[in-house]
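The values are calculated or read from the model by the stated rules, or taken from the named source; none is laboratory data. Just so you know, these numbers come straight off a predicted model, no measurement behind them. Neighbour counts run over all protein chains shown; Cβ positions are idealised from the backbone, glycine included. Just so you know, the surface numbers come from the protein's heavy atoms only, side chains and all, with ligands and any DNA or RNA stripped out. Shrake-Rupley method; radii C 1.70, N 1.55, O 1.52, S 1.80 Å.
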Amino acid sequence: MMVIERAITKLLFLILCPAVTAWVPRNAPTREKACTSLPSSWLETNDFLGTDDIYTPVFNFSQPEALEMMGRLDDAIMGGISTSSLAFSSDGFTRWGGVCRIDGGGFCGFRSNAFRQPLHVADADGFYLIGRLASDLEPERRVWKFSTRTKPDRGEVVYQAPFTFPKNQTAWHLVNIPFDDFRLVRGPRIVTDGPPLNTTGGIYQVGMTMSKFVFGANTTELTDFRDGFFEVQLKEIGLYKRQQQSSSKELIVESPQMLSESEFKKQQPLILKIIIPVFRLLFSESSRRRKSAMKLLRERRGLSRGRAILFGLRNRAKSVGLVRSLITTMSIVAADSLRSTLIVAIRLVVQYPLSLLRKGMRVLRRGRRNPTTSS
């Protein structure tokens, strides 16, 4: 029974939380490119930091090759319209920035491509980054999270830890993120009874997120969240070791090798190979942006749905002509109608039955734990 329950729970989670499994490319997929070993600069790093602790970079964002190892992870994967990107600067650092919107989502992020082999980090005490929030002086009005995975799949075993940036736009800051701060999460929520992070088997991925969701057991939004434009500038992400805990003067970490796109697809379970294309069809980024625009027109301008469609038709006609605008508008309306019908069908056939079945399994499990006794 427990095996069945776990299988059903995992299936339900994968269906309802595509943010955990879907990989959204930054522009074009970059997994096919071989991972080049970045030159080690850990001696320079420690001189720069002025600390006795040992810092070894894993991703050196002062070189453009690091960007080939990263992929975008914005709220578009769960219905939002936020967008961000990574761009290398000729000044010797990488810009991670974009626009975060709270409609339908409320987070931006990026993560490394999956590692072919685990990155052994047992000798380290945590992650570190060298960076700064360059767009403003209000880092406390956003929730910053660092994430990692200890399994090679894109399942639900994700660990996160909160961190923040100092209020200084010009200086480079060292931010330590100890392994002890990481908690198992599902979506934006902490799994309260989840096991602690165990790095003895290595890690398979790292990433960063800027979110409106507070790091906690409940899905709680930050009260004074600052949406809109943001920009973080990064020099390094790596691992550190506290010097007082070891007599060794080095922290040796091999450069991670990434899975190619074909290798990654081969490792995907069959259910994901079916579900991910369906979700990308139903929840494309363009359709979500149209939905958000429709909401703004109806709420702020008081337009009906029909008048909002006519508004878009007229604006489009100014640039492409009436005939092309009419054809485009009709195709959009037909596609959105089909998408809405499929979403309702999925809820009736898949989501609701699985939700009821999961609740039934919970009731059975509670009954086994607390059996009634007859006198």
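Somewhere in segment 115-129, is a residue more than 12 Å from GLY207 (Cβ to Cβ) and within 12 Å of the chain's Cα centre (by Cα)?
No, that holds for no residue.
Among the candidates THR192, THR200, which residue alone is over 27 Å from VAL253 (Cα atoms), open to solvent by 40 Å² or more (accessible area, probe 1.4 Å), in a loop (DSSP other than H, G, I, E, B) and of a type in the set (Val, Ile, Thr)?
That would be THR192, the only listed residue that is over 27 Å from VAL253 (Cα atoms), open to solvent by 40 Å² or more (accessible area, probe 1.4 Å), in a loop (DSSP other than H, G, I, E, B) and of a type in the set (Val, Ile, Thr).
Would you check if ARG366 is at pLDDT below 80, under 19 Å from GLY80 (Cα atoms), out of contact with any strand residue (DSSP E or B) (no Cβ under 8 Å at 6 or more places or on another chain) and open to solvent by 80 Å² or more (accessible area, probe 1.4 Å)?
Taking the combined requirement at face value, the residue does not satisfy it.
Can you tell which of LYS212, LYS167 is buried (at least 21 other Cβ atoms within 10 Å of the Cβ) and either more than 25 Å from VAL121 (Cβ to Cβ) or not assigned by the TED database to the domain that holds GLY98 (or both)?
The match here is LYS212.
List the number of the failed condition for ARG186; all other conditions in (1) closer than 23 Å to ASP74 by Cβ; (2) surrounded by 15 or more Cβ atoms within 10 Å (Cβ to Cβ); (3) not β-branched (Val, Ile, Thr) hold.
(2) is the only condition that ARG186 fails.
Those residues that are exposed (fewer than 12 other Cβ atoms within 10 Å of the Cβ), hydroxyl-bearing (Ser, Thr, Tyr) and in contact with a helix residue (DSSP H, G or I) (Cβ under 9 Å, 6 or more places away or on another chain), I need them from segment 310-339; list them, please.
Hit for segment 310-339 is SER319, nothing else.
If I go through segment 304-329 residue by residue, how many of them are more than 34 Å from the chain's Cα centre (by Cα), in a helix (DSSP H, G or I) and without any contact (Cβ under 8 Å) to a residue 12 or more places away in the chain?
13
So ARG298 clears everything in (1) part of a helix (DSSP H, G or I); (2) surrounded by fewer than 13 Cβ atoms within 10 Å (Cβ to Cβ); (3) at pLDDT 75 or above except one condition, right? Which one?
So ARG298 meets the others, but not (2).
I'm told VAL175 meets every condition in (1) surrounded by fewer than 17 Cβ atoms within 10 Å (Cβ to Cβ); (2) in contact with a Ser or Thr (Cβ under 9 Å, 6 or more places away or on another chain); (3) assigned to a strand (DSSP E or B) except one. Can you identify the failing condition by its number?
(1)
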